[in-house]
Amino acid sequence: MPTDSELRIAKATPTDVGVVLALIKDLAAYEQMSEAVVATEADIHRSLFSTPCYAEALIARVGGDAVGFALFFHTFSTFLGRPGLYLEDLYVKPGCRGRGYGHRLLAALARIAVDRQCGRMEWSVLNWNELASRSYERVGATPLAEWTMWRLDGPSLESLASESKQS
């Protein structure tokens with residue numbers, strides 16, 4: 001069994017695009033949402049490594065094997081007047097859980113947030129994912145019960161966009 005000291009976390013590079021997409025697909029399968037993944041390697045490459053860059057990823061590896069990842073991007077708090085870091089996805093392969101790898105990924109993200117003078121880190125958790133919720137509580141995170149996440153996508157997004165004239 002690999003030890004915590006064998007874990008290496010590094011920023012994803014363009015050669016990691018296939019690994020990132022495979023981990024995204026693993027996460028989707030875990031969340032029973034495989035059909036929702038339509039991203040391609042080209043999409044991931046464009047989003048992570050083009051200008052402008054829309055997101056970043058960290059990959060956790062033991063030896064040469066990817067065991068997890070964190071995909072994140074910056075937000076901005078008007079009240080704080082500072083950037084924030086939004087964790088879109090954190091995933092550790094099922095056979096590698098319980099070894100502190102997710103905690104180490106969170107700690108690496110916290111270091112990035114502090115180094116970049118972010119005022120906060122935020123993320124969403126599926127209501128049924130009690131294991132993740134307990135892990136986040138252990139690091140001092142608190143759920144925001146007074147906020148509800150809203151989403152606009154697909155035909156509704158297109159419909160609203162059609163109301164705005166391009167300039």
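Quick note: the coordinates plus some simple rules give every number you see, no bench work behind them. Bear in mind the structure is a predicted one, so any value in this text is a computation, not a measurement. Please note: Cβ atoms are built from the backbone with ideal geometry, for glycine as well, and neighbour counts cover all protein chains shown.
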Quiz prompt | Positive-end residue, the chain charge dipole about Cα centroid, Cβ charges, pick of V92, A29, G81 | solution = G81
Quiz prompt | Backbone HN-Hα couplings from phi across the range 17-26 [Karplus 6.51/-1.76/1.60, Hz, Gly and Pro as x] | solution = 4, x, 5, 4, 5, 4, 5, 4, 5, 4
Self-check item: Cα-based Rg / Dmax (Å) for the range 36-118
Solution: 14.2, 43
Practice problem: State which stretch of the chain is the longest one without any exposed chymotrypsin sites (Phe, Trp or Tyr not before Pro), exposure meaning a DSSP loop state and at most 13 other Cβ atoms within 10 Å. | Solution: 1-53
Exercise. Pick out, in residue order, every one of the trypsin sites (Lys or Arg not before Pro) in the range 64-128 that is DSSP loop and has at most 13 other C-beta atoms within 10 Å; say none if there are none.
Key: R116, R120
Quiz item: What length, rounded to one decimal in nm, is gained on full extension from L160 through to T15, with 0.36 nm per residue of separation minus their alpha-carbon distance?
Solution: 48.5 nm
Quiz item: Amide H of S77: which non-local residues (sequence gap of 5 or more, or other chain) have their own amide H closer than 5 Å, using H built in the peptide plane?
Solution: R82, G84
Practice problem: Between L80, L131, L152, find the one with the highest GNM mean-square fluctuation for the chain; connect C-alpha pairs within less than 10 Å. | Solution: L152
Quiz item: What is the Å³ per residue value for the convex hull set by the Cα atoms of the range 2-76?
Solution: 114 Å³
Quiz prompt | Estimated vicinal HN-Hα couplings, Hz - the range 63-76 in sequence order (Karplus 6.51, -1.76, 1.60; Gly, Pro = x) | solution = x, x, 8, 6, 10, x, 7, 9, 10, 8, 8, 8, 10, 9
Self-check item: Residues with amide H under 5 Å from that of A12, placed H, sequence gap 5 or more
Solution: A57, L58, I59
Quiz item: For the range 99-167, what log10 I(q)/I(0) values come out of the Debye formula at q = 0.21, 0.24, 0.25 1/Å, with one point per alpha carbon and no solvent?
Solution: -0.96, -1.11, -1.16
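Kirkwood hydrodynamic radius (Cα pairs, Å) of the chain?
When all Cα pairs of the chain are included, the Kirkwood radius is 17.5 Å.
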